[in-house]
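Here's the structure, in structure tokens; my notes come after.
The values are calculated or read from the model by the stated rules, or taken from the named source; none is laboratory data. No experiment lies behind these values; they were computed from the predicted model shown. Positions of Cβ are generated from backbone atoms using ideal geometry, with glycine treated the same way; all protein chains shown enter the neighbour counts. What goes into the accessible areas is simple: the full protein's heavy atoms, side chains included, and nothing from ligands, DNA or RNA. Shrake-Rupley method; radii C 1.70, N 1.55, O 1.52, S 1.80 Å.
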Amino acid sequence: MSDLLHRIKTSLEPILELADPRERISAYHDMPYALFRYEPEEEFELRKQITLLETRLTQKGKRISRISLAECLDEAMRSQRPLEDWFDIDHGQEVFPPNRWDVFSLRKRWRFFQALQHYKYKAHKLETLLKFVFSERTLGDAQRRLCVPSFDGFTEVNVFKTPHHFDYRMDWNERVLTVAMATAAAPSYFPVYKNGGRFFADGGVWANNPVMIGLVDALVCYELDRRQVHILSLGTGDTEIRFTENQIIHGGLVDWYEIISSAMHLQSQNATGQAGLLIGRDQLFRLNAPPMPDDPIALDDYDRARSELPAIAAQLVSAHGQAIQDRFLFEEAEPYPAFYGPRASIDVKGFAE
């Protein structure tokens, strides 16, 4: 019996079975409560055991009421002032400065012509924010399996991987900051990201929709049958790609200046189709915002994204949230067993033999 289960069954449950447990559970009888300490990695097991405890107590005639401290805190904070006023977390305009006071769209036009020869935004602002979030954490610290696409200075595709397979021994010591900057270095928007003697650019150029990366990784690493795999694929907004009149008649470089965006969209379509063919389209749940053919949101239009996308996301959750919960969110995933790094829990020598 684990220490957690032992404490629940021998220390907590007998007290809760009493006719009036208040004198035993707290020194403050007018406010009876208890704090049950547990390690963070035990949270999923604790939730399971508390549910079983609730069932046992209910069968013995006890009335159980669950109180969410998060909901209590949310209600208390909202009662004082709007929730967004409590936090200063909106730094999007620092990374993507808006075109304020743009008379006759002069600033917008200047940025366009500047972008013909130079990237549009300064990467150090994004890097500062990401460093604040991730600090010195490495990819090996992650508790869930990750495959993050980029491509390097030798024009080769590159995927940063957590050490969830015996062969994945190269990336675990990479800082999360490095991985994030490498995969965010979108050509023409940010400069190529330099890390030591290596150069990286955004993996979205070749894996804008990374569904095939995840599928192939699962099939190769765990020898699964393809019909055992279920995929939840989240998009960032669909786009309608149509030939323009100038592309049909002239077809010059000027006419095809948005070819990168078109290629990324077509790659996403192809990846979704390939994954659906491999595992069965019924095993793949693709959730994406509908296209905006008349006025799509630009990749760097932070103001419009912030004002319009949350409402679109709420509509998608309202329409599909229950289906997603039933198919994918019914059980919390356990932290994966790592082969290398700070979370290593597998005997690599024994595995190799």
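Checked against the criteria, Ile241 does not count as in a helix (DSSP H, G or I) and surrounded by fewer than 16 Cβ atoms within 10 Å (Cβ to Cβ).
Restricting attention to segment 326-353, the residues that are open to solvent by less than 100 Å² (accessible area, probe 1.4 Å) and either among the aromatic types (Phe, Trp, Tyr) or more than 16 Å from the chain's Cα centre (by Cα) (or both) total 17. Quick check, is Leu139 touching a strand residue (DSSP E or B) at 6+ places or on another chain (Cβ under 8 Å), surrounded by 15 or more Cβ atoms within 10 Å (Cβ to Cβ) and either over 23 Å from Asp300 (Cα atoms) or modelled with pLDDT of 90 or more (or both)? Criteria met by Leu139.
Out of the residues in segment 222-234 meeting the condition of being out of contact with any Lys or Arg (no Cβ under 7 Å at 6 or more places or on another chain) and outside any helix (DSSP H, G or I), tell me which one is most open to solvent (accessible area, probe 1.4 Å). Show your work before the answer.
As a first pass, look at segment 222-234 and keep what is out of contact with any Lys or Arg (no Cβ under 7 Å at 6 or more places or on another chain): 222-229, 231-232, 234.
Checking which are outside any helix (DSSP H, G or I) leaves us with 223-225, 229, 231-232, 234.
Details: Glu223: 162, Leu224: 66, Asp225: 84, Val229: 15, Ile231: 22, Leu232: 62, Leu234: 116 Å².
Filtering first and then ranking leaves Glu223.
One line per residue, one yes/no per condition, for (1) within 24 Å of Phe96 (Cα to Cα); (2) β-branched (Val, Ile, Thr); (3) touching a Leu at 6+ places or on another chain (Cβ under 7 Å):
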residue: Ser268; (1), (2), (3): no, no, no
residue: Leu287; (1), (2), (3): no, no, yes
residue: Tyr302; (1), (2), (3): yes, no, no
residue: Gly321; (1), (2), (3): no, no, no
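Every condition in (1) farther than 21 Å from Ala298 by Cβ; (2) assigned to a loop (DSSP other than H, G, I, E, B) is met by Tyr119 except one, and the failing one is (1). Conditions first: (1) farther than 29 Å from Leu284 by Cα; (2) of a type outside the set (D, E, K, R); (3) open to solvent by 70 Å² or more (accessible area, probe 1.4 Å). Gln247 passes all but one, so which condition is the exception? In the conditions (1) farther than 29 Å from Leu284 by Cα; (2) of a type outside the set (D, E, K, R); (3) open to solvent by 70 Å² or more (accessible area, probe 1.4 Å), Gln247 misses (3) alone. Starting from residues that are part of a helix (DSSP H, G or I) and touching a residue at least 24 places away in the same chain (Cβ under 8 Å), keep the ones in segment 313-343 and report whichever is nearest to Tyr222 (Cα to Cα). Filtering segment 313-343 for residues that are part of a helix (DSSP H, G or I) and touching a residue at least 24 places away in the same chain (Cβ under 8 Å), the one nearest to Tyr222 (Cα to Cα) comes out as Phe328. Looking for something under 23 Å from Asp326 (Cα atoms) and either among the basic types (Lys, Arg) or under 21 Å from the mean Cα position of the chain (by Cα) (or both) - is there at least one such residue anywhere in segment 262-272? The answer is yes, given that some residue of segment 262-272 is under 23 Å from Asp326 (Cα atoms) and either among the basic types (Lys, Arg) or under 21 Å from the mean Cα position of the chain (by Cα) (or both). For segment 192-206, the set of residues classified as modelled with pLDDT of 90 or more and aliphatic (A, V, I, L, M) consists of Val192, Ala201, listed by residue number. Residues in segment 287-304 that are open to solvent by less than 80 Å² (accessible area, probe 1.4 Å) and in contact (Cβ under 8 Å) with a residue 60 or more places away in the chain: Ile297, Asp300, Asp301, Tyr302, Asp303. Considering segment 1-97, there are no qualifying helices (runs of 4 or more DSSP H) wholly inside with 1 or more residues that are of a type in the set (Phe, Trp, Tyr), open to solvent by less than 70 Å² (accessible area, probe 1.4 Å) and modelled with pLDDT of 80 or more.
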